[in-house]
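Undergrad: Supplied in structure tokens, the structure appears directly below.
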Amino acid sequence: MDKNPEIMLRLSGASDNFFIRELSTSAFRPFGDYRDVVPEWHISDKSITVIACLEEAPLGFAMVSKPFSRYDHNNSSELLAIAVEASWQGRGIGRFLLKEIENVALEAGIMTLFLHTAIDNRNARKLFSDSGYRIWQIKNNFYPEGQDACVMAKKLLVT
């Protein structure tokens, strides 16, 4: 996070739901209508969300589900969503959020983290592969707009 040492991370609260809704609407628009889905995940008791902020202004978020068995892996979970405001992309905030959500997942007892990303979302796939995620499987017509997704996974290591 050399480029933005002033970026702070915090756990989300109910007051962040509007920000999460707005960013989800714009960030995930190419894949479908997520303006209600992601905020519903946020307010559920089944997820944990981290917010990246500059001073008090939120810039992005990452959301992970609480531990459950996924793809026959115990103590696993799913990265439900990660997004950064368009004007702040390319500055390392996504990588910062991803590392922090992995730490949060480890603290919750999660040992394997799965995620879905569109095959044609090259920026996201690069972020995830550079961070140690590997393709687990391909799902055809996964997103509401018909895009294929790759499921990626990473074994989390205690550091």
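The values are calculated or read from the model by the stated rules, or taken from the named source; none is laboratory data. Please read all numbers here as calculations on a predicted model, not as lab measurements. With ideal geometry, Cβ positions are generated from the backbone for all residues, glycine too; neighbour counts draw on all protein chains shown.
Undergrad: Going by the structure shown, is Ala57 on the phi < 0 side of the Ramachandran plot and surrounded by fewer than 22 Cβ atoms within 10 Å (Cβ to Cβ)?
TA: Spelling it out, Ala57 is indeed on the phi < 0 side of the Ramachandran plot and surrounded by fewer than 22 Cβ atoms within 10 Å (Cβ to Cβ).
Undergrad: Could you check the range 1-43 and list, in sequence order, the residues that are farther than 21 Å from Gly92 by Cα, of a type in the set (S, T, N, Q) and more than 16 Å from the chain's Cα centre (by Cα)?
TA: Ser15 - this is the single residue of the range 1-43 that is farther than 21 Å from Gly92 by Cα, of a type in the set (S, T, N, Q) and more than 16 Å from the chain's Cα centre (by Cα).
Undergrad: While we're here: For the range 1-91, please list each of the strands (runs of 3 or more DSSP E) lying entirely inside it that holds at least 3 residues being modelled with pLDDT of 90 or more.
TA: By residue number, 7-11, 47-54, 57-65, 73-84.
Undergrad: Listed residues Ile138, Ile82; which is loosely packed, with under 14 Cβ neighbours inside 10 Å, of a type outside the set (Asp, Glu) and within 22 Å of Tyr34 (Cβ to Cβ)?
TA: Ile138
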